[in-house]
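Please read the structure below before turning to the comments.
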Amino acid sequence: MTTGVYLAILFKIVGSLALLIYGMKVMSEALQKMAGSQLRHILGAMTTNRFTGMLTGTFITCAVQSSSATTVMTVSFVNAGLLTLAQAISVIMGANIGTTLTAWIMSLGYSVDLTSFVFPAFLVGIVLIYTRKMRYVGDFLFGLSFMFFSLVLLSDAGKALHLDTTPAVIEFFKSFDVNSYFTILVFLVIGSVITCIVQSSAAVMAITILLCSTGVLPIYLGIALVMGENIGTTVTANLAALAANTQARRAALAHLLFNVIGVIWVLAVFYPFVNMVCGFVDYDPTAGAVNANIKVKLPIVLAAFHTTFNVTNTFLLIWFIPQIEKLVRMLIKTRKSETEEDFRLRFIQAGIMKTPELSVLEASKEIQSFAERLQRMFSMVRELLHTTEDSKFVKLYSRIEKYESISDNMEIEIAKYLDQVSNAHLSDETKEKVRSMLREISELESIGDSCFNIARTMNRRMSAKEDFTEGQYNHIEQMFELTDDALTQMNNLLVGHKHENDINHSFNIENEMNNYRDQLSTQNIRDVNEHKYTYAIGTMYMDIIQECEKLGDYVVNVVEARMGVKQSI
């Protein structure tokens, strides 16, 4: 064949791989859209122990057809504090089992002529895409069709290369000693590096199947590439965790360790293990000549090894999750700044729903924790007012910004939990409690927004190189003191029982804040007119005062919700 023909076939292979990656991406995204928020509920509700966590990871990866999607999702949930590290490790183990389905789909694509399926699927897919209700199903069919079509193109390109009759290629692969551990290690590293570069184990698996199905790549070397792919695919989750917190980075590292440990023990028993897998599909790995009937078995051998390796590795290491957790904790130390600022649901436990009454109690405790966190956030805002050094100011402002994000997440997760509770058969009293708590978390999140708004105003002042007068500082501090009193009273009410608390104290503080805000507003207009300070600094000053007063209103709303007072219109 001429150079031009080889180039044309090369471009066909590269284009087919691109089509494969795109098809996998479209299919995975469509499945995730169809599942919607259920994936979060499944991850949260089915990780009560290491075995349910493993099954959850397997199920989700089979559903979305992407172990990378599952592991990245898991890392993000660990980062948000929705999953513990141990839960995440079990889910990731399950994801490794779930991803083996992709290898079987690919082996089917090389073993069966899928052309008759692909084009009708394209037609049905494009019709469904233009319907509102079924568009995600259409996307899924389109992605699946692209994936199968790319496999057909790859198979055709592999046959067109005639690698099995090209002496140079045959001699090249024959130059490798398949009985040498050094050769196996070289191909393992090649598989890892290529997977790291293309960021798709599916694409590298497709190349491996292509080379093996032509008969030029010995099965031992093909399996070494597959083992390397298992290590290379962990890079995606580790990249996703770079900007995350310590727990998330530990989860990503656990994924890498899990696969590396698996590869190490398989290497120790490599040849017997591969021979055993080949025996499952009645293939002799030591046979020299490869005829057409045997070529069909080679993709199945690779898929069988991928499944056997991941299933065996999971069932061996699932008993050592506490030890793996301890190891990654040793390797990645906790940042001091994260110890108190990780988003962690302390009282609501993921798992099978308990009795509704107990669930409401857990939610109530979580709301108390939420409120305490917000008062800590306000303390940081007070500290920010008197922070003049740029580096310290930026660091403290970033912490406040993180707390605001945490308050958003806490509102969403507690609301989801209460929504689950409300689906159970509840008494009228418990239903009322749930409604009150939903109102409480909404107002608490608004308190977090107000704290952040005050911090943003201070950041504006810092950027503008302006400063408040001594009188303004004193007035802000007095308003801050009233706000902190309101938050303290709110937290006392949330912890105690209705009959033990006096709501009037909160109302009195709120009235005092309103009056003080009005007084300062009038004085501010007078001071600006008398040129005691600029209009710009006066605006920022009043923004802080007014935001404190709004925060006081939200506090009263929380108190009213807890005490069962109807919301005023």
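The values are calculated or read from the model by the stated rules, or taken from the named source; none is laboratory data. It should be emphasised that the depicted structure is a prediction, and the values quoted were computed from it without experimental measurement. Cβ coordinates were reconstructed from backbone atoms using ideal geometry, including for glycine residues, and neighbour counts include every protein chain displayed. Surface accessibility is based on the protein's heavy atoms, side chains included, excluding ligands, DNA and RNA. Shrake-Rupley method; radii C 1.70, N 1.55, O 1.52, S 1.80 Å.
Inside region 442-493, residues that are free of Cβ contacts under 8 Å to residues at least 12 places away in the same chain and either under 21 Å from I406 (Cβ atoms) or of a type in the set (K, R) (or both) make up a count of 2.
Within region 425-441, count every residue that is small (G, A, S) and open to solvent by less than 50 Å² (accessible area, probe 1.4 Å).
1
Checking each residue in region 469-484 for being among the aromatic types (F, W, Y) and closer than 14 Å to D527 by Cβ picks out only Y473. Of the listed requirements (1) part of a loop (DSSP other than H, G, I, E, B); (2) at pLDDT 90 or above, M513 misses just one: (1).
Are any of the residues in region 364-373 part of a helix (DSSP H, G or I), among the aliphatic types (A, V, I, L, M) and at pLDDT 70 or above? Yes, some residue in region 364-373 is part of a helix (DSSP H, G or I), among the aliphatic types (A, V, I, L, M) and at pLDDT 70 or above. May I ask you to list the residues in region 183-234 that are open to solvent by 10 Å² or more (accessible area, probe 1.4 Å), outside any helix (DSSP H, G or I) and in contact with a Ser or Thr (Cβ under 9 Å, 6 or more places away or on another chain)? Those that are open to solvent by 10 Å² or more (accessible area, probe 1.4 Å), outside any helix (DSSP H, G or I) and in contact with a Ser or Thr (Cβ under 9 Å, 6 or more places away or on another chain): Q199, S200, V216, T233.
Can you say whether N515 is more than 24 Å from F393 (Cβ to Cβ) and either free of Cβ contacts under 8 Å to residues at least 60 places away in the same chain or of a type in the set (D, E, K, R) (or both), as far as the supplied structure shows?
On the way: more than 24 Å from F393 (Cβ to Cβ): yes; either free of Cβ contacts under 8 Å to residues at least 60 places away in the same chain or of a type in the set (D, E, K, R) (or both): yes.
Taking the combined requirement at face value, the residue satisfies it.
I414 meets all of the listed conditions (1) part of a helix (DSSP H, G or I); (2) under 20 Å from M479 (Cα atoms); (3) modelled with pLDDT under 90; (4) of a type in the set (V, I, T) but one, namely (2).
Of all residues in region 456-477, those satisfying the criterion of being open to solvent by 50 Å² or more (accessible area, probe 1.4 Å) and closer than 13 Å to A536 by Cα are R460, S463, A464, K465, E466, D467.
Does I264 qualify as being modelled with pLDDT of 75 or more, among the β-branched types (V, I, T) and open to solvent by 60 Å² or more (accessible area, probe 1.4 Å)? Criteria met by I264. For region 387-395, the count of residues that are open to solvent by less than 30 Å² (accessible area, probe 1.4 Å), within 30 Å of L438 (Cα to Cα) and touching a Phe, Trp or Tyr at 6+ places or on another chain (Cβ under 7 Å) is zero. Beta carbons closer than 7 Å, at least 6 apart along the sequence or on distinct chains, pair a first residue in region 532-561 that is within 13 Å of A464 (Cβ to Cβ) and among the aromatic types (F, W, Y) with a second that is assigned to a helix (DSSP H, G or I) and at pLDDT below 95 for Y533/D527; Y535/V528; Y541/Q472; Y541/N524. Every test in (1) modelled with pLDDT under 65; (2) in a helix (DSSP H, G or I) is passed by L82 save one, and that test is (2).
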